[in-house]
């Protein structure tokens, strides 16, 4: 076991740098809501709590611990869940979905920090208690950080690497003093992204084991029942300590939340049609247009809603595993990207419903696409700008637009030319290297929708002699192979927020390349990318932040680590009208934890 060498101290207030307690913190500037705010603007503060909701997901579960490798992707939904809400475990602070990156009090009722962000102190809410009635203490906070540093999975096990001291201050405060590895986002990450666990109810010796034994937590729900791999039912805790604090008003509105697991999406949708599932988020254009002609829709019992969040596009695409020698050459990756005929796929499979994604932060001021690199950004890039294509620097670079015939010779000729530069030629109808070895690889898919896109790609590559096999695996195998990077190519979606930060290290940073369970699916280790991640995390002004993210976006696009697919720019959700929602939709789009059962009395 790795020993944690971090000093853990108990101190009084004397001798420590003093700061004024505040109710909220923001990555840049000040929080939008005043100290006397009563609720977030996108909730219904007068909501009548009660009733129930039934969610449905594809997959299975065998764990209640998402913080270790074994339970990373097989933990029951709701335990620690950005979509359904953190029903069970809680963080020190709560994020507002109506601001780019602002946090307000939760387990910590207030915080203290300095202008340099050299430390942050969390002052716990004296009302906070665990489900067994015991108070949430400073010792619990220290225990949680130490335990996860020793036995947690990435990125939890790395959080204390940037901390020089973790101190208990007084009766109910914990102060973290940072070292030179920290950045300006570090205090917010500790506040939002670390679960607080009960020291008295967790056995460190068994923490890494997957289990369905019900633990103790502090969140708004308790576990009512579990059917392993099939269903988990959550029951609202009437004694939940935080039900009246401003950051939780209008949330956690159901008496009961059930999550049912299905083997495939088609079965889930049939359950939705019958009313066994209440909400169905949809991302398939054909399905959205054609699948909702059933009695409940015709009667008005099911409605389709379209939400338009103020978010960047993100990136969905085929991801090259650059750990594989065949994908080590950027020219090969670029050529294979050019060969994908998006226009043919969009026309043939999706009735031209989608638009092509050109960069990771498209449709925002943070994106490289449509925005030329200015002097600030060029200075930040330094010598790295010389390796970036001129069109990418100018913000005019796009993926090629084919004639949608499925065999656009001009584009395919360009792809073949790049492969020739990389040492490949076509012999006997096969693309081979100088040793005569064919250019061949396998894409791992998870479901029928991914397989359909892969078949379209396979068809295009075959025209230039590249052999791409397709292997669709079950959920358990998919998660295991994703965790260990056991694939040539995989289809993944990278969400993009208006406040990218430390999570980017886990996606694209050199430190995560070989970390089992990280999200660095492409196996990237580039010092220039590391520099840009560091720059965006340490930016003090919005202008510097924007320049850093744009430069970062350009490096990712220029590296051709992903074959870009498409984005919606909208959120599609169908739901039974017995489930109601607030009128205001925040910056980040619809928020399921703020919806409620309209039948509640």
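Rule-based calculations on the coordinates, nothing more; no lab input. Just so it is clear, the model here is predicted, and its values are computed rather than measured. Backbone-built Cβ (ideal geometry, glycine too); neighbour counts: all protein chains shown.
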Between the Cα axis of helix 330-339 and the main Cα principal axis of the chain, the angle (0 to 90°, nearest 10) is 80
Subtracting the Cα-Cα distance of residue 600 and residue 22 from 0.36 nm times their residue separation yields 204.5 nm
Plugging the Cβ-Cβ distance of residue 584 and residue 192 into 1/(1 + (r/R0)^6) at R0 = 22 Å yields, to the nearest 0.05, a FRET efficiency of 0.50
In nanometres, the difference between 0.36 nm per residue of separation and the alpha-carbon distance of residue 297 and residue 448 is 51.8 nm
Using alpha carbon centers only, the range 505-531 is separated from the range 98-145 by a whole-angstrom value of 29
At 37 °C and 0.692 mPa s, the Stokes-Einstein diffusion coefficient in µm²/s for the range 260-411, with hydrodynamic radius from the Kirkwood sum on alpha carbon pairs, is 170
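How much length, in nm to one decimal, is gained on full extension between residue 477 and residue 132, taken as 0.36 nm per residue of separation minus their Cα-Cα distance?
Residue separation times 0.36 nm, minus the Cα-Cα distance, leaves 120.5 nm.
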Rounded to the nearest 10 degrees, the helix 542-559 long axis (Cα) sits at an angle to the longest Cα principal axis of the chain of 40
PRE zone check, label point 7 Å out along Cα-to-Cβ of residue 58, amide N under 13 Å, scope the range 272-310, hits 281-285, 287
Place a point 7 Å from the Cα of residue 32 in the direction of its beta carbon; the residues of the range 97-118 whose amide N falls under 18 Å from it are 97-105
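Of all DSSP beta bridges located in the chain, what percent are antiparallel, nearest 5? Kindly include the intermediate steps, with their values, before the conclusion.
Working: 63 of 83 bridges.
Of the beta bridges lying entirely in the chain, close to 75 percent run antiparallel.
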So the FRET efficiency between residue 486 and residue 577, C-beta based with R0 = 45 Å and rounded to 0.05, is 0.50
proj_area_mean for the chain (convex hull on C-alpha atoms), units nm², value 27.4
Here, residue 211 and residue 164, labelled 7 Å along Cα→Cβ, have an inter-label distance in nm of 3.8
To the nearest 10 degrees, the tilt of helix 409-421 (Cα long axis) against the first principal axis of the alpha carbons of the chain is 80
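Per-residue ellipticity at 222 nm for the chain, helices alone: DSSP H runs ≥ 4 residues times -39500 (n - 2.57), over residue total, nearest 500 deg cm²/dmol? Show your work: numbers first, answer last.
Working: 15 runs with 145 residues, N = 601.
Dividing the helical sum by the residues of the chain leaves -7000 deg cm²/dmol.
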For residue 201 and residue 347, extending 7 Å from Cα along the Cα-Cβ vector and measuring point to point gives, in nm, a value of 6.0
re the range 315-567: pairs of Cα atoms spaced beyond 25 Å account for a percent value of 44
Label model pair residue 286, residue 139: point-to-point distance (7 angstrom along the Cα→beta-carbon line) in nm is 6.0
